[in-house]
Structures are given as C-alpha cells and as structure tokens.
Amino acid sequence: MLIRIRKPTDISAREITPEALYLDRRRFLAGGAAAALGLGGGGAGRAEPEGLPPVLAGVKPGPYGTAEEQTPWDAVTSYNNFYEFGLDKDDPRRHAHSLKTRPWTVTIDGAVHEPRTFDIDHILARMTLEERVYRLRCVEAWSMVIPWVGFPLSALLDLVEPAGNARYVAFETLYDRSQMPGQRSRVLDWPYREGLRLDEAMHPLTIIAVGLYGRVLPNQNGAPLRLVVPWKYGFKSIKSIVRIRLTTRQPKTSWNMQAPNEYGFYANVNPEVDHPRWSQAKERRVGEFFKRRTLMFNGYAEEVAALYAGMDLRKYY
Ligand code: MTE
C-alpha cells in the first residue's frame, strides 16, 4: 500500500485498537442472538442497539472455517484500508457513511454469453448466504480472523455464463467523488481495480461478502458487496464493486499500476517472497502483541497450491 510515513511492520500494538476497546466476542454474539430472536430488530424503521447494522436472515454455516479466535467486531470495522475514504486506518469508519448502498447495481459483462446488470437485492434474494471464517492477511503484515457472510463468486459468474475464451475476471469499485471523497486525491488511479485468473475466481474459497458477524456489511468494509480471496493479500479483496468484466487478457490492477515492483498481479500470501521494503515472513494478528509466522497461501495451501503448480512464485508474485 502507499507507505508514506513508515513501514507497516512498524505498527505498534498501541496503534492497533487497544484490547479494552474491543467488544468481547461472547458479549457481541449474545447481542446478535438477541437481535436474531427479534429483540434487536433488523426490520426497517426499528432502532438497532448500539448502532449495529441489521442481522442478515437465513445465514448457514459454510465450509472452510477456521476455529482460531475471531477478531472482535470493533477492530474489524475500525481498522480498515479503503482509500476512497482516506489513508488512515480509522478514516473509513469515520467517513464511509457518505456511501449510499441502495439502490446499487453490479454489471457483469465481457466474455460471457449473458451479460447482465443485477440489482444487489436481486442478487441477495438468489444466493444462499453462508458464514465463512477466514484469515485476512494484509500486505502490511497485520492479519485478522473474520466471520464473513457471503456466497461463492462462482455462483454469481455462473448466472452470466462465462464464454470459452474467458481467462480472467476484472473488478471495479464505484467511482463517485461526491460519495467517495478520497477519489478527489490522486493517490490512486481511480476507480480501484482488481483482477483474478478465472480459475482463481471460480475456486470455492473465493467469495463475495455481503456481511460480517451475521450482520449487513458496514460501509467501511466494502458494502454492499466486496470480494474475499483468503489466500491472497488483502488488497485483492476489492470493496463496493459495481462492475465485473470477464476478459481474455490479464486485467490492470490498481496497486500493480501504482508500484509494479511491489505489488504483483497474483499477490498470493507467501512468507518466502519479501516485499521489496519489508519481510513477509511474519505478521501481527490485530489485538495480539507477539508476531506469528505467516503461512504459505495464508494457511490455505492444501486447497489452492495446485492452481500454481509449475509456476515460479518469485516471478509471479
Ligand atoms: N478496495 C477498495 N475499493 N479500496 C481500497 O483502498 N483496500 C484493500 C482492500 N480493498 C481497498 C479495497 C486493502 S489494502 C485491504 S488490506 C482490504 O481491502 C482491507 O479490508 P478490510 O478493511 O475490510 O479489512
């Protein structure tokens, strides 16, 4: 990411939201359960306790969960990268209220048989929502464990029938300077763009997230829908998506355009390939003091290593 001031590895435990500020997970879940029972609402017009977003209905447990301790809600929603709302970690939480997430459409086109524009509520009505507890490893060497709510990206792409020559998938975030004040600065070439190879996009681990902790995704986390690719560095997980395009050629991606020697197209979590300015061997789990070893493919090697068989991962970083 844009490291203007200091190296991300220099982030001290103190700068990461202090533990005392975190909601205790059990307390949080008790609140969620109360809301699910109808005590907290979720319906239009009913006040949510403590300003939490509404509970999502019909969420099923999904595959691939990790039993590791989950990063508390307060940290997940106040320590963010979303440059459309500023460069500091707490800027998205403070400023992302200006984003309007309804009405919202996503256009999926390019190398597909059935190009379409979907309304987000139409997508939500068609998809089975699952909870997937994934590790998120940021390129800045911090990590979190997040209970996402979403559905496989493959289920969405199937609706437009990818053509035989489709090889890649390109994603774009909304471009609207009135809603996203950070786009008035030239820190990135807007809109934010990301891309995957089609087989990565169709992999069952790759999801579109629409929620967190059983609740509607907060704006700062990429509402109303964002990508989550758990074996890649966090910057691949593009937020507030409005366009998905299937392509025959490798698409341009924001951070690769910005600094190609620092951020590759693949961006697979790899403790053996250092960022040019810092090591990727260790990470600090947000809320913990000691660093832990970073795992190959962020711990998902068993599921995804075969996608890269025979590739030189130093070259394709
Ligand atoms: N998507 C957009 N549109 N803009 C961004 O600045 N930052 C990325 C990614 N998606 C970013 C984005 C980076 S660097 C990270 S680490 C993750 O979002 C952070 O996701 P989180 O804030 O939900 O933890």
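The values are calculated or read from the model by the stated rules, or taken from the named source; none is laboratory data. Given the structure is predicted, the values throughout are model-derived calculations rather than measurements. Cβ: placed from backbone, ideal geometry, glycine included. Neighbour counts: every protein chain shown. Keep in mind that these areas ignore ligands, DNA and RNA; they rest on the heavy atoms of the full protein, side chains included. Shrake-Rupley method; radii C 1.70, N 1.55, O 1.52, S 1.80 Å.
Whole number in Å², please: accessible area per residue of region 25-308, 1.4 Å probe, ligands, DNA and RNA not counted.
42 Å²
Just to verify a number: what accessible area does residue 113 come out at with the full protein assembly present, 1.4 Å probe, Å² rounded to tens?
120 Å²
Could you list the GluC sites (Glu not before Pro) in region 247-296 that lie in coil according to DSSP, counting only those with at most 12 other Cβ atoms within 10 Å of their Cβ?
In loop regions of region 247-296 (DSSP not H, G, I, E or B), the sparsely surrounded GluC sites (Glu not before Pro) are 272.
Take every DSSP beta bridge whose two residues both sit in region 25-308, then give the antiparallel share in percent to the nearest 5.
Of those bridges, close to 85 percent are antiparallel.
Cut-off under 13 Å on the C-alpha distance; same-chain residues fewer than 8 positions from residue 315 excluded. Which aspartates and glutamates are left, in chain and number order?
Answer for residue 315, where 13 Å is the Cα cut-off: 262, 272, 274, listed by chain and number.
Could you calculate the contour length gain from residue 69 to residue 295, that is, 0.36 nm times the residue separation minus the distance between their Cα atoms, to one decimal place in nm?
Net length gain for the segment: 79.7 nm.
Karplus couplings for region 114-131 from phi (6.51 cos²θ - 1.76 cosθ + 1.60, θ = phi - 60°), rounded to Hz, Gly and Pro as x?
10, x, 8, 10, 9, 7, 4, 6, 5, 4, 4, 6, 8, 9, 8, 7, 10, 8
Mind giving me the FRET efficiency for residue 127 and residue 100? R0 is 22 Å, r the Cβ-Cβ distance, nearest 0.05 is fine.
0.50
Which of the chymotrypsin sites (Phe, Trp or Tyr not before Pro) across region 140-212 are loop residues per DSSP, with 16 or fewer other Cβ within 10 Å?
Filter output for region 140-212: 175.
Could you tell me which of 191, 128, 164 has its Cα farthest along the dipole of region 70-204 towards the positive end, charges placed at Cβ (Lys, Arg +1; Asp, Glu -1), taken about the Cα centre?
Comparing the listed Cα positions along the dipole, 191 ranks first.
Which trypsin sites (Lys or Arg not before Pro) in region 158-258 sit in a loop by DSSP (not H, G, I, E or B) and have at most 12 other Cβ atoms within 10 Å of their own Cβ?
Sparse-neighbourhood loop trypsin sites (Lys or Arg not before Pro): 177, 186, 249.
Could you give me D for region 25-308, from Stokes-Einstein at 25 °C and 0.890 mPa s, where the hydrodynamic radius is the Kirkwood radius over C-alpha pairs? Units µm² s⁻¹, please.
127 µm²/s
If you project the alpha carbons of region 55-185 onto their three principal axes, what span does each projection cover, largest first, in Å?
Per principal axis, max minus min of the Cα coordinates gives 42, 41, 30 Å.
Quick one: with all protein chains in place, what share of the accessible area of region 94-204 is carbon or sulfur, to the nearest percent (1.4 Å probe)?
C and S fraction of accessible area: 47 percent.
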